[in-house]
Amino acid sequence: MDPFRLLVLKPSSLGDIILGLQVIAELRMRRTDLEISWIVRDIFAEVVRRSGLVENIIVYERQKGLGGLWECCRAIARSGTYDALWDLQGLLRSALMAKAAHTQRKIGRSDCREGAKFFYSERVPMPANPHAAEILAQFLPTLGVPPAVRRPLQFSVPEPLSVAVDGQLRVLIAPESRGPGKEWPHYGQLTAHLCDRFPDWEFLWVGLGRGSSPLVEKFSNFRDLRGQTSLPQLLGLMKHSSAAIANDSACLHMAAALGKPVLGIFLRTDPLRYGPYPLDDPNHFVARNPPPLPPELEKFLSRLRFFSSREATS
């Protein structure tokens, strides 16, 4: 029997790709007859590949402009016929990719933008006040699967980087986010407080590497790894860490998808839509526009101790 061929369009961003992979993981658990192809930006392709959830990857090189879009559309057209297509992105660019695909079922988001709706044969309904993950989960019923988001994800990742400290617990801290309006300015003070309070724990900053960290550079249980890790290495660090503290960013969704305790710090964006999913997980905490030492910090630390002790005895 031939497999059911599904084409998934979710070129970016990394956080949304992580949520999309959780939806695909749920689909995989419910159906065993699938062959899945995923269209993704070249800089994120390794994350999708290492999830082990898709058979084929079609790379979109956005930095090439219209030329990159044209090349991607040609690759889609050459990739054969599909039984269904999911456009999880919902923008004109992804809709043009959908147009290039050979399939009768082109399924898109009902909240799509830029005229993308004219390229779909079906559109999925939106739940009231949805989280970003719940929007993507609405695609599952189009293939006979109830809407759900599965976790933890399992990535094939390299061993984590060797770090200068070896604490009892490792906490990743991601002080950056896409857009300055999402970046909390007190990570230096928070990290210094944690390093001083828990000298046997290790605290690692991860990200692109903007700015300095003078408040925490003096601590031997701190290391700034920003700008020093590839995405697979970051996944490896996250997989082998105890917890994460992050802005509204890909690192937050990555930690939640891997089943780690998370403290998410939100400024302008709404955690009800973009917080660590699921929002009611007892290991997920959210602070909105907090002071340098968020009130939610003690609950997060208490949960981290419990979570880590449970892992140690399991």
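Considering segment 1-20, and only residues there that are of a type in the set (A, V, I, L, M) and in contact with a Phe, Trp or Tyr (Cβ under 9 Å, 6 or more places away or on another chain), the residue that is nearest to Gly275 (Cα to Cα) turns out to be Leu19.
Looking only at segment 218-249, count every residue that is at pLDDT below 95 and of a type in the set (A, V, I, L, M, F, W, C) and tell me the total. So the answer is 8.
What about Gln104, is it under 20 Å from Pro3 (Cβ atoms) and assigned to a loop (DSSP other than H, G, I, E, B)? Judged against the criteria, Gln104 is a match. Given the options Ala116, Ala45, name the one that is in contact with a helix residue (DSSP H, G or I) (Cβ under 7 Å, 6 or more places away or on another chain) and modelled with pLDDT of 95 or more. Ala116 is the lone residue from the list that is in contact with a helix residue (DSSP H, G or I) (Cβ under 7 Å, 6 or more places away or on another chain) and modelled with pLDDT of 95 or more. Given the criteria in the same structural domain as Lys182 (by TED's automatic domain parsing), more than 15 Å from Glu176 (Cα to Cα) and modelled with pLDDT under 95, does Leu293 qualify? So Leu293 fails the test.
Taken over segment 244-275, the criterion of being of a type in the set (D, E, K, R) and either under 16 Å from the mean Cα position of the chain (by Cα) or buried (at least 23 other Cβ atoms within 10 Å of the Cβ) (or both) is satisfied by Asp248, Lys260, Arg273. Only one entry in Pro291, Pro278, Pro282, Pro232 is in contact with a His (Cβ under 9 Å, 6 or more places away or on another chain), surrounded by fewer than 22 Cβ atoms within 10 Å (Cβ to Cβ), under 23 Å from Leu19 (Cα atoms) and not acidic (Asp, Glu), namely Pro278.
Only one entry of Met1, Met29 meets the criterion of being surrounded by fewer than 19 Cβ atoms within 10 Å (Cβ to Cβ) and part of a helix (DSSP H, G or I), and that entry is Met29. If only residues of segment 121-150 that are more than 22 Å from the chain's Cα centre (by Cα) and at pLDDT below 95 are counted, the one that is farthest from Leu9 (Cα to Cα) is Ala128.
In segment 218-229, of all residues being touching a Cys at 6+ places or on another chain (Cβ under 9 Å) and crowded, with 19+ Cβ neighbours inside 10 Å, the one that is nearest to Val48 (Cα to Cα) corresponds to Phe222. Checked against (1) part of a loop (DSSP other than H, G, I, E, B); (2) in contact (Cβ under 8 Å) with a residue 40 or more places away in the chain, Leu136 passes all but condition (1).
Matching residues to (1) outside the structural domain of Ile18 (by TED's automatic domain parsing); (2) in contact (Cβ under 8 Å) with a residue 60 or more places away in the chain:
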residue	(1), (2)
Val47	no, yes
Gln63	no, no
Tyr82	no, yes
Leu91	no, no
Leu96	no, no
Arg109	no, no
Cys112	no, no
Ala148	yes, yes
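The values are calculated or read from the model by the stated rules, or taken from the named source; none is laboratory data. This is a predicted model, so every value here is computed, not measured. Reconstructed Cβ throughout: ideal geometry from the backbone, glycine too, with neighbour counts over all protein chains shown.
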